[in-house]
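Student: I have a structure I would like to understand better, so I am pasting it below and will then ask my questions one at a time.
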Amino acid sequence: MSSVAFFAMSPSPPIAPPRANETSGFSPDGQQLVTACADGLVRAWSWRDETPPLVLARTFLMPAAAFLPEENQVLVADHTEVSLGSSRGILLLERKIATPGSLRWTLDCDRRRAMLISSATPPQLFHPKDLSRINSLALTDATLRRVGYGADGRFILRSWVEGSPQTWNVGLWELTSGRRI
């Protein structure tokens, strides 16, 4: 049996957030990893070396975080607000919201819209550059978290359960109107 490298690059040093990781995402250049942890801290890790992570100077309530492309900025949400910060830890902008449940971000393919997905409320669309809210999506069952963007960023695919006995359904929603098509 020949020894062939399974991975294209050598393994990175271990990344050990002190608490459970809620969400994570890579920077556009692939050099950093952002983690949002149960301890309320958002960290930007240089995952290819052993430098300590940069920590945003705020504590969040069960945060979700994602990198925005080109600007190398971090989008953060918790139960009370959405925030935009630099990957160097500087708060740039924040907006008050009320979003309970487990949270995660998903961005459309061209990164012009950010969807905040909650386990307890319908998904909300934001402009990631100024954090203005576009709309909430009427997605029938807010507890189902699986959402996928269409390749053109205009539609999302979502599953939900309805009826008795329960039946799984899959549908498409248009992002501009927030309605199922």
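Student: Could you give me the ³J(HN,Hα) list for region 124-130, computed from phi with Karplus coefficients 6.51, -1.76, 1.60 and θ = phi - 60°, whole Hz, x at Gly and Pro?
Tutor: For region 124-130, the Karplus-derived couplings read 10, 9, 10, 7, x, 6, 10 Hz, x marking Gly and Pro.
Student: Still on this structure, I have one more. For region 21-137, what does the alpha-carbon gyration tensor say about shape, rounded, prolate or oblate, given a ≥ b ≥ c as the root eigenvalues, a/c under 1.5 as rounded, and a/b over b/c as prolate?
Tutor: Judged from the Cα gyration tensor, region 21-137 comes out prolate (a/c at least 1.5, a/b above b/c).
Student: Considering only DSSP beta bridges where both residues belong to region 21-137, give the percentage that are antiparallel (nearest 5).
Tutor: Antiparallel bridges: around 100 percent, rounded to the nearest 5.
Student: In terms of modelled amide H atoms, which long-range or inter-chain residues lie less than 5 Å from the amide H of Ile90?
Tutor: none
Student: I would also like to ask the following. What's the extension gain from Leu157 to Ala57 if we count 0.36 nm per residue and subtract their Cα-Cα distance? Don't skip to the answer; put the middle values down first.
Tutor: Values: separation 100, 0.36 × 100 = 36.00 nm, distance 3.55 nm.
Gain on extension, Leu157 to Ala57, equals 32.4 nm.
Student: Could you check the spin-label model distance between Thr80 and Gln31? Points 7 Å from the Cα along Cα→Cβ, value in nm.
Tutor: Calculated label separation equals 3.5 nm.
Student: Okay, moving on. Arranged by the count of other C-beta atoms within 10 angstrom, fewest first, what order do Phe60, Phe155 take?
Tutor: Phe155, Phe60
Since every read-out is calculated from the coordinates, none of them should be taken as a lab result. Being a predicted model, the structure only gives us computed values, none of them experimental. All Cβ positions, glycine included, derive from the backbone under ideal geometry; neighbour counts span all protein chains shown.
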